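Written below as structure tokens is the structure these notes are about.
None of the figures in this text is laboratory data; all of them are computed from the coordinates on show. Note that the structure is a prediction, hence the values are computed from the model and not measured. Please note: Cβ atoms are built from the backbone with ideal geometry, for glycine as well, and neighbour counts cover all protein chains shown.
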Amino acid sequence: MHLDDLIQQFQQKDKAAFETLYNMYAENICGVINVILKDVERSQELCQDVFVKIWEKSDQYDASKGRFFTWILNIARNTAIDELRSKTHKNQKKNLHVQSLVGIYEKSEDLDNKIDAIGLQSLLKGLKDKCILLIDLLYFKGYTQKEAAKELKKPIGTIKTRLRSCISELRKNIKV
């Protein structure tokens, strides 16, 4: 069967045509989404969402505007970008990152050895107390810049400027 015939059947809500197209394109679509998200499990979930979208919007495909695969690819790309920009995705990534560090940071017994084990102690050497406090709030405790400004009773602009300065100082401590 030719691709054009298959697409036409798909647009007429033929489930067998949908399954054939899914088998043809799902692996590539999941791969494209994963390149953007860098999360295999979430990419597979969004890939399923993309195929649901194209099923529901099958009548919107217009062969005169481009290839079928390109149409699916654009929907997948937009879906992945929407996911990246979503508050849920950002919070999930922030929480995963923070959770991996909070356990190390909060346990006070033998803290020096744990910090040394991941190389943080050498990076923090020489930083001003205000930088250490700001890094603690933003990276170890998961505060937003706005929340840190409120906690430290400083304007948000001061927090942003201070953070840039602190990161510059941290970079000087990194040995490449």
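The ellipsoid that matches the Cα gyration tensor of the range 3-85 has semi-axes, each √(5λ) in whole angstrom, of 22, 13, 10, with the longest given first. Backbone phi angles across the range 31-48, fed through the Karplus curve with coefficients 6.51, -1.76 and 1.60 (θ = phi - 60°), yield HN-Hα couplings of x, 5, 4, 5, 4, 7, 8, 6, 8, 4, 4, 5, 4, 5, 4, 5, 4, 4 Hz in residue order; Gly and Pro are listed as x. Put simply, when 58-64, 80-86, 44-50 are sorted by average Cβ atoms within 10 angstrom per residue, most first, you get 44-50, 80-86, 58-64.
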